[in-house]
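Student: Below is the structure I would like to discuss, written out as structure tokens.
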Amino acid sequence: MIGLFALEVNSHFHYPNYFSMVPYGPDPKVSSAEGFFEVAAAQSPKPQTVGIIWEDSEFGHNGADSAEINAKKRGMTVVYKKSFPPGTTDFAPVIRAVAAANPDIVVVASYPLSSVGIVQSVNEIGYKPKMIGGEMVGLQATVFKDRLKSKLNGFINYETWVPSPKLLARAKPFFDKYQARAKEAGVDPLGYYLGGWGYADFQVLAAGVEGAKSLDDAKIGDWLHHNEVHTIIGDISFGPEGEWTKPGLFQVQYHDLTDAANLETWRGMSYQTVVYPPDQNTSDAIYPYEKAK
């Protein structure tokens, strides 16, 4: 089983032939929010207090735990931590409640529709913590970027891959073919979020079959546990639980977006800065958040 985008799902089951295609690394419960806190800790003065809001789901709980672990690790105090139910449509009370606790930074662990609702409410209320974002699923997808546009300015959030010159070089042949066919197929026109990852998922399977020279599950699994796989997303090796042996999660900050943003905007890097990890940085974070509005 090669899973696509799931946070630490094998930690309770320990299936030997599960392999995770998401760049959280060997300890997802730490790395999920680690980049966001690394960016926060690098600011001057360093933020001291943290608010955590999360969707009441397995991903949300794991994300909230990651935020709490990383806050404690850096000597920050969690002053607000509360979930909201799936299906929530009015996020004004959620945002007002965390704002009342006045944390320096706010970590959000949410699924796509909640992520959109939270971004909209933060803008409508005019809430301006020093940093906000971190673990918001959905903001990576073209359809949600195009819906939110300028409202995204200032948010710092995870990304699994970005079309920077360094990373695009390996993946360009795939995306050239994908994007030429995407419009006719009625799917994500750029494919940066799921298209490339879906292809890489099958590259892992192909490498396992070819490396093991077999269709036997146990032999394929054994080969994948002991060999590095080369994909358009990057070079991957898997640990005992099927997680990556090295994390590869990004944190990006959105900036300078207007409501005229369109497909060509999302195709490039003009609207987003990689602020973590250091070896992929394209610029420093704009801090505090309101300076990017």
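Student: Quick one: work out Rg over Rh on the C-alpha atoms of segment 1-158, Rh as Kirkwood radius. Show your work: numbers first, answer last.
Tutor: Values: Rg = 15.4 Å, Rh = 16.0 Å.
With Rg and the Kirkwood Rh in hand, the quotient comes to 0.96.
Student: For Cα pairs less than 8 Å apart in space and 6+ apart in sequence, what is the mean separation divided by the residue count of the chain, i.e. the relative contact order in percent?
Tutor: Values: 555 pairs, mean separation 66.9, N = 293.
With pairs under 8 Å counted, the relative contact order is 23 percent.
Student: Still on this model: Any idea what angle helix 112-125 forms with the longest principal axis of the chain, computed on alpha-carbon atoms, 0 to 90 degrees, nearest 10?
Tutor: On a 0 to 90 degree scale, this one is about 20.
Student: What whole-number distance in Å separates the alpha-carbon centres of segment 126-188 and segment 23-86?
Tutor: 21 Å
Student: May I pose another question? Quickly work out the ASN102-to-ASP188 label distance, labels modelled 7 Å from Cα along the C-beta direction, and quote it in nm with one decimal.
Tutor: The answer from the label model is 4.0 nm.
Student: Sticking with this structure for a sec: Starting from the Cα gyration tensor of segment 206-249, take the square roots of the eigenvalues, sort them a ≥ b ≥ c, and report rounded, prolate or oblate (rounded when a/c is under 1.5, otherwise prolate if a/b is larger than b/c, else oblate). Let's see the in-between values first.
Tutor: Details: a/c = 3.00, a/b = 1.57, b/c = 1.91.
Verdict is oblate for segment 206-249.
Student: Taking all protein chains as present, what is the carbon and sulfur share of the accessible area of the chain, in % to the nearest whole number, probe 1.4 Å?
Tutor: Working: 7250 of 13300 Å².
Here carbon and sulfur together make up 55 percent of the probe-accessible area.
Student: Starting at the first residue of segment 148-156, write each ³J(HN,Hα) from the Karplus equation 6.51 cos²θ - 1.76 cosθ + 1.60 with θ = phi - 60°, in whole Hz, x for Gly and Pro.
Tutor: Whole-Hz 3J(HN,Hα) from phi for segment 148-156: 9, 6, 4, 5, 6, 3, x, 5, 10.
Student: Specify the residue with the greatest mean-square fluctuation among TYR111, TYR193, TYR15, computed from a Gaussian network of the chain linking alpha-carbon atoms under 10 Å apart.
Tutor: Evaluated over the chain, the most mobile residue of the options is TYR15.
Student: Let me ask another. Which entries of LYS81/LYS166; LYS145/LYS172; LYS128/LYS166; LYS72/LYS128; LYS149/LYS291; LYS149/LYS183 have Cα-Cα distances beyond 28 Å here? Numbers along the way, then the final one.
Tutor: Numbers: LYS81/LYS166 38 Å; LYS145/LYS172 22 Å; LYS128/LYS166 33 Å; LYS72/LYS128 23 Å; LYS149/LYS291 17 Å; LYS149/LYS183 21 Å.
Table pairs above 28 Å Cα-Cα are LYS81/LYS166; LYS128/LYS166.
Student: What does the extension gain come out to for TYR111 and ARG181, with contour length at 0.36 nm per residue minus their alpha carbon separation?
Tutor: Numbers: separation 70, 0.36 × 70 = 25.20 nm, distance 2.77 nm.
Stretched out fully, the TYR111 to ARG181 stretch lengthens by 22.4 nm.
Student: What does the charge count near ASP284 come to, summing +1 for each Lys or Arg and -1 for each Asp or Glu among other residues with Cβ under 13 Å from its Cβ? Could you put the intermediate results ahead of the total?
Tutor: Details: positive: LYS291; negative: GLU38.
Here the count lands on 0.
Student: From the backbone phi of segment 166-182, what are the Karplus-calculated ³J(HN,Hα) couplings (6.51 cos²θ - 1.76 cosθ + 1.60, θ = phi - 60°) in whole Hz, Gly and Pro given as x?
Tutor: Each residue's phi maps through the Karplus curve to give 4, 8, 6, 3, 6, 9, 4, x, 5, 5, 4, 6, 4, 5, 5, 9, 5 Hz.
Student: Also: Efficiency by 1/(1 + (r/R0)^6): what FRET value for MET1 and THR89, r their Cβ-Cβ distance, R0 = 45 Å, to the nearest 0.05?
Tutor: Numbers: r = 34 Å, r/R0 = 0.75.
It comes to 0.85.
Student: Ranked by accessible surface with a 1.4 Å probe, highest first, in what order do LYS128, LYS213 come? Working shown, then result.
Tutor: On the way: LYS128 115, LYS213 175 Å².
Per-residue accessible area, sorted high to low, gives LYS213, LYS128.
The values are calculated or read from the model by the stated rules, or taken from the named source; none is laboratory data. The model shown is predicted, which means the values in this text are computed figures rather than measured ones. A quick note on method: Cβ atoms are made from the backbone with ideal geometry, for glycine too, and the neighbour counts reach across all protein chains shown. Surface accessibility is based on the protein's heavy atoms, side chains included, excluding ligands, DNA and RNA. Shrake-Rupley method; radii C 1.70, N 1.55, O 1.52, S 1.80 Å.
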